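These notes concern the structure reproduced below.
The values are calculated or read from the model by the stated rules, or taken from the named source; none is laboratory data. Note that the coordinates shown come from a computational prediction; the quantities given were computed from them, not determined experimentally. A quick note on method: Cβ atoms are made from the backbone with ideal geometry, for glycine too, and the neighbour counts reach across all protein chains shown.
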Amino acid sequence: MGAVLVVLAGAAAAADHAPCRCPAELVALGGALPHASAELRDHQALRIVALGSSSTYGTGASGEAASYPSRLEAELAQMFPGIKLEVINKGVPGEIAADMVGRFEHDVFALAPDLVVWQTGTNDALRDLPVDEFARVTTDGLGRLHAANIDVVLMEPQYSPKLVQRPHYADYIETLRTIAHASGIPVVRRFDIMRSWTASGQFVDQTMLQNDYLHMKDASYACLGWVVAESIANAIKPAAASDRLTAGALPAN
């Protein structure tokens, strides 16, 4: 497989999260999180809003505790013990990017987060909405978040054999990456991460996805939570936690 995911807590964590492994370059967010880093360093606290649609809400999971935002909170709590940490799930199934931006006042700004993980693009693609309109809405939304001094991590649409057959699905993923690159915004490369899980044999479609081949299962939600936690932890790298962020890589598959 090549270089693989860096583990924060050594061999025990490697065993616990073995099915979640993916190439290290897919874990690198590709941008800084200055406000979240400062809050963690100065106040030993971190508040994250997980904004998105059904895969943020946790559709297909056995319960709220199995959603990716809940798993993200649990993983970060282990990585940063003693930190006042909160991940607030603001996923609403079926929403497009414009719907999410319409919720900013109540579901983001009113909560005063240090970081927003914004999962978007899937439903826009499923509805075949114009890609340029998706780009405009996303860019405007990012501008509002940055004006409020909130760090943002974008999360790509998911991978599934069913979705890659959609005529413009790849365009949405590429558009999101282009916007992020132009703005210096970190990205969770969920599409490639999930594809790497199946390519390596750690998951098959039936263990990663529900019967609709759209929504994830508990195991894949748990892995997504862990990978996002790893990505955020390595992007923050507060001085108080620098020793915890140094470890060897897992052996290649």
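Restricting attention to the stretch 184-238 and to residues that are hydroxyl-bearing (Ser, Thr, Tyr) and not in a helix (DSSP H, G or I), the residue that is farthest from residue 139 (Cα to Cα) turns out to be 200.
Summed over the stretch 165-189, residues that are farther than 30 Å from residue 211 by Cβ and surrounded by 14 or more Cβ atoms within 10 Å (Cβ to Cβ) total 5. Contact annotation: residue pairs with Cβ atoms under 7 Å, 6 or more positions apart or on different chains, pairing a residue in the stretch 184-204 that is on the phi < 0 side of the Ramachandran plot with a partner that is basic (Lys, Arg) and part of a loop (DSSP other than H, G, I, E, B), are 202/21. With respect to (1) touching a helix residue (DSSP H, G or I) at 6+ places or on another chain (Cβ under 9 Å); (2) more than 19 Å from residue 186 (Cβ to Cβ); (3) assigned to a helix (DSSP H, G or I), the lone exception for residue 141 is condition (2).
Residue by residue, here is whether (1) among the polar types (S, T, N, Q); (2) in contact with a Phe, Trp or Tyr (Cβ under 7 Å, 6 or more places away or on another chain); (3) closer than 21 Å to residue 223 by Cα holds:
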position: 123; (1), (2), (3): yes, no, no
position: 134; (1), (2), (3): no, yes, no
position: 154; (1), (2), (3): no, yes, yes
position: 167; (1), (2), (3): no, no, no
position: 174; (1), (2), (3): no, no, no
position: 179; (1), (2), (3): no, no, no
position: 185; (1), (2), (3): no, no, no
position: 194; (1), (2), (3): no, yes, yes
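Listed here are the helices (runs of 4 or more DSSP H) enclosed by the stretch 87-138 that have at least 2 residues being acidic (Asp, Glu), free of Cβ contacts under 8 Å to residues at least 24 places away in the same chain and surrounded by fewer than 18 Cβ atoms within 10 Å (Cβ to Cβ), and there are none. With respect to the conditions (1) buried (at least 22 other Cβ atoms within 10 Å of the Cβ); (2) at pLDDT 95 or above; (3) farther than 18 Å from residue 100 by Cβ, residue 216 falls short on a single one, namely (2). Somewhere in the stretch 144-164, is a residue at pLDDT below 95, of a type in the set (D, E, K, R) and surrounded by fewer than 17 Cβ atoms within 10 Å (Cβ to Cβ)? Yes, some residue in the stretch 144-164 is at pLDDT below 95, of a type in the set (D, E, K, R) and surrounded by fewer than 17 Cβ atoms within 10 Å (Cβ to Cβ). Inspection of the stretch 169-182 identifies no residue that is outside any helix (DSSP H, G or I) and more than 15 Å from the chain's Cα centre (by Cα).
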